[in-house]
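Everything on this sheet refers to the single structure shown next.
The values are calculated or read from the model by the stated rules, or taken from the named source; none is laboratory data. Not measured: the values here are computed from a predicted model. Counting neighbours? That spans all protein chains shown, and the Cβs are built from the backbone with ideal geometry, glycine included.
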Amino acid sequence: MSTAPSSVVALARHGRIAVVTIDSPPVNALSHAVRAGLVAAMADLAADDGLDGAVLACAGRTFVAGADVAEFGRPPVPPLLPAVLDAIEGQGKPVVAALFGTALGGGFELALACRLRVAVATAEVGLPEVKLGLIPGAGGTQRLPRLIGIPAAADLATSGRRVKAAEALRLGIVDRVVDGDLLEGALAVLAERIAAGDLPPAVSARPVPPVDAAAADALLADVRKKARGMEAPVEAARAVLRAAELPFAEGMAAERAAFERLRDGDQSKALRHVFFAEREAPKVAGLEGVAARPVDRVGVVGGGMMGSGIAIATADAGLPVTIAETDADAAARAEARIAAHYADQARKGRLTEAQAAERRGRIAVATGVEALSDADLVIEAVFEDMGVKQDIFARLGKAAKPGAVLATNTSYLDVNAIAAASTRPGDVLGLHFFAPANVMRLLEVVRAKATAPDALATGLALGRRLGKLAVVAGVCDGFIGNRIWAYWRRHLEYLVEDGASPEAIDAALLDWGMPMGPFAVYDLSGLDIAWATRKRKAATRDPAERCVRIADRLCEAGRLGRKTAAGWYRYVDGRAEPDPAVAEIVADERRLRGIAPRNVSADDIRRRSLAAIANEAAKILEEGIAQRASDVDMVLVAGYGFPNWRGGPLFEADRVGLPAVLAEVEAAAAVGGAGSEPAALLVDLVRTGRSFADLGRGG
């Protein structure tokens, strides 16, 4: 046995085939030590006349899962990954990659530099670099088309999606999927191919099937449309297309140049911010070492759209759940809603019939909260009425077993008041799901003043189990997301009254990267929700606050959004159209208030939007409602569609410059009146030359 001079890469003989093993827990990331060890191992392989080839394997739970996150943002230290892959191909002897777990990004590029790839059935491969605003930088866009062609390679490189072993075999990415021991299978495949003289050339030496100009243009146009302003997918598509146009070395040089340009650009910096912010969000001061309470069974009060969605998300995560409804008719509607969802999933091929039946079988529907007496965690999901919710929690306080966590899904209401009604407030917290609850990633975990630490830990643990991005919020009207949304929406309504149209605002923000315009979202969620909130708060509203009545008049006219086929838009066959009736209401309100409409540009709309969000977010941070600025970014990205390639609104505000943002906030305050004043925190950041990012660094 000879060993490469590395603590994390070892070379061992198996007859005339070497096994090169990477052992760098937890995920065998491509750290400097791994890269250097691989180069040394390839030199050993080339120099040993007693070896005919090698299997590249990994210890632990996965093949190389990608780059070393600890090296993000640091100057690269040689050998860089392209040089490592050149060493694998250039030493001349065949290497087969033994794939299991996940081979992603640089890990997948490492496998592509090998002559053959063997995988277990559960292995996954992919090029997720676009999700960090990058393209593959070590030949992924040049080697992959030589294996599977331009269209399939472009799909993987531009989407970042993962490919399971069976699909990888069909595409031609892997050469064999083995059922038994992976290492034995890889050794056998390499030995067979060497003995038969049936070794393919190095991937870099293989030809690329050409595509004609029209197909290339269509591919680029499709990627550009899907990217919606994001640069990396378009650059990835161009790089893949270059594989058919340029010799391998020139294509590699162009790929690396594009990678470095994107790496140093604003979008990649923003997406790397999101990457780390997601990992930071569930960390809560004071919860270190606090164990979550066991949750083996969940209860949901209310089987409407939200309650059913929560139950589906819970069942999909493998937990049994019981929905408690008020009566038999409501229970039957909930059962029908659940059954229809799983039937649709099976019809669309997202689940097999057996999988759909298994998940459906985890959901029971009953009447009365007493049916939830064996639940470890109960989530109330009825409509937004304080009296109704307090009554439910008074009953849950008696019916739920001792130690069960009781959660409210309220969007706006005071969780402290709801908790008090239960007579066991230490067990109570908010779990604010976003609709549809089985689809949307965001979960606001609301800590009330009496919430016990282990109850809070339980809410966070449930979020992780459901695959949600859980962000802790304090108690206020609307918590983090809806409080900002309500304030932002108010300033957009000021712009409408001052001269903009709802469709112009939506268009400007779609162009900014939002997936939907805010007035289209308003219609989708229902105008009556905000209407009820305005009526609830009317008695305490500061008379110096500017109040726009347009939305109230729409509601008074029965225009509640999509559900009534009319709101800010009218809906014809489900398609939104500007409505002259809305324009008439807007014009009438302007006349009543003596407002001469002015021109409001798309840039005006975007500047005002960013200023409104940043200002209210600063107030939320001042009050301790959010733990950190990056948590606000995650709420707006995951729950409200703020473009992740902008990093979230506070990251974007830092990029724009807080003095410019504050100037726009002051302009907004001049037209908004009470409640629109600049946040003291924002003023202080500008005065001291700091940024929102500095708040996360002890600033």
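In the range 417-438, which residues are within 30 Å of the chain's Cα centre (by Cα) and either of a type outside the set (V, I, T) or at pLDDT below 95 (or both)? Matches in the range 417-438: D427, L429, G430, L431, H432, F433, F434, A435, P436, A437, N438. Within the range 635-652, the set of residues being in contact with a Leu (Cβ under 6 Å, 6 or more places away or on another chain) and of a type in the set (A, V, I, L, M) comprises A638 only. Sort through A257, A227, A236, A277 and tell me the only one that's under 25 Å from the mean Cα position of the chain (by Cα), closer than 26 Å to R74 by Cα and assigned by TED's automatic domain parsing to the domain that holds R143. Going through A257, A227, A236, A277 in turn, the sole match is A236. Across the range 529-555, the number of residues qualifying as basic (K, R) and buried (at least 16 other Cβ atoms within 10 Å of the Cβ) comes to 3. For P76, the criteria (1) at pLDDT 95 or above; (2) within 40 Å of the chain's Cα centre (by Cα); (3) part of a loop (DSSP other than H, G, I, E, B) hold in every case but one, which is (1). All conditions in (1) charged (D, E, K, R); (2) part of a loop (DSSP other than H, G, I, E, B); (3) at pLDDT below 95 hold for K537, with the sole exception of (2).
With respect to the conditions (1) touching a helix residue (DSSP H, G or I) at 6+ places or on another chain (Cβ under 7 Å); (2) over 19 Å from A157 (Cβ atoms); (3) of a type outside the set (V, I, T); (4) at pLDDT 95 or above, G286 falls short on a single one, namely (4). Filtering the range 39-67 to residues that are part of a loop (DSSP other than H, G, I, E, B), surrounded by fewer than 19 Cβ atoms within 10 Å (Cβ to Cβ) and free of Cβ contacts under 8 Å to residues at least 60 places away in the same chain leaves D48, D49, G50, A59, G60, R61.
Where helices (runs of 4 or more DSSP H) fall wholly inside the range 173-263, the ranges with 2 or more residues that are under 29 Å from E71 (Cβ atoms) and of a type outside the set (V, I, T) are 182-196, 231-242, 248-263. Of all residues in the range 627-636, none satisfies being part of a helix (DSSP H, G or I), buried (at least 17 other Cβ atoms within 10 Å of the Cβ) and basic (K, R). Set side by side, the residues D528, D523 differ, and just one is of a type in the set (D, E) and out of contact with any strand residue (DSSP E or B) (no Cβ under 7 Å at 6 or more places or on another chain), which is D528.
Every test in (1) of a type outside the set (A, V, I, L, M, F, W, C); (2) closer than 17 Å to L156 by Cβ; (3) surrounded by 14 or more Cβ atoms within 10 Å (Cβ to Cβ) is passed by R228 save one, and that test is (2).
Any residue in the range 84-92 that is touching an Asp or Glu at 6+ places or on another chain (Cβ under 9 Å), closer than 26 Å to D198 by Cβ, modelled with pLDDT of 95 or more and crowded, with 20+ Cβ neighbours inside 10 Å? Checking the range 84-92: at least one residue is touching an Asp or Glu at 6+ places or on another chain (Cβ under 9 Å), closer than 26 Å to D198 by Cβ, modelled with pLDDT of 95 or more and crowded, with 20+ Cβ neighbours inside 10 Å. Scanning the range 555-570 for residues that are more than 34 Å from the chain's Cα centre (by Cα) and either part of a loop (DSSP other than H, G, I, E, B) or in contact (Cβ under 8 Å) with a residue 24 or more places away in the chain (or both) yields a total of 2. Looking only at residues of the range 563-616 that are surrounded by 14 or more Cβ atoms within 10 Å (Cβ to Cβ) and either touching a strand residue (DSSP E or B) at 6+ places or on another chain (Cβ under 7 Å) or not assigned by TED's automatic domain parsing to the domain that holds L682 (or both), we find that the one that is farthest from D523 (Cα to Cα) is D579. Assigned to a loop (DSSP other than H, G, I, E, B), on the phi > 0 side of the Ramachandran plot and surrounded by fewer than 17 Cβ atoms within 10 Å (Cβ to Cβ) - does that describe any residue in the range 289-298? Yes, that holds for at least one residue. Taken over the range 493-527, the residue count meeting the criterion of being in contact with a Lys or Arg (Cβ under 8 Å, 6 or more places away or on another chain) and within 20 Å of C555 (Cα to Cα) is 9.
Give the residue, chosen from R549, R570, that is out of contact with any Pro (no Cβ under 9 Å at 6 or more places or on another chain) and among the charged types (D, E, K, R). Step by step, each of R549, R570 is checked, and only R549 is out of contact with any Pro (no Cβ under 9 Å at 6 or more places or on another chain) and among the charged types (D, E, K, R).
Screening the candidates P233, P207, P200, P247 for the property of being touching a residue at least 40 places away in the same chain (Cβ under 8 Å) and loosely packed, with under 13 Cβ neighbours inside 10 Å yields one hit, P207.
For A36, the conditions (1) surrounded by fewer than 22 Cβ atoms within 10 Å (Cβ to Cβ); (2) in a loop (DSSP other than H, G, I, E, B); (3) at pLDDT 95 or above are fulfilled apart from (2).
Candidates are the residues of the range 658-699 that are of a type in the set (K, R) and outside any helix (DSSP H, G or I); the one that is surrounded by the most Cβ atoms within 10 Å (Cβ to Cβ) is R690.
Selection of first residues in the range 334-363 that are farther than 24 Å from V382 by Cβ and touching a residue at least 12 places away in the same chain (Cβ under 8 Å) and of second residues that are among the small types (G, A, S) and surrounded by fewer than 19 Cβ atoms within 10 Å (Cβ to Cβ), restricted to Cβ pairs under 6 Å at least 6 apart or on distinct chains, gives the following pairs, ordered by first then second residue: A356/A346.
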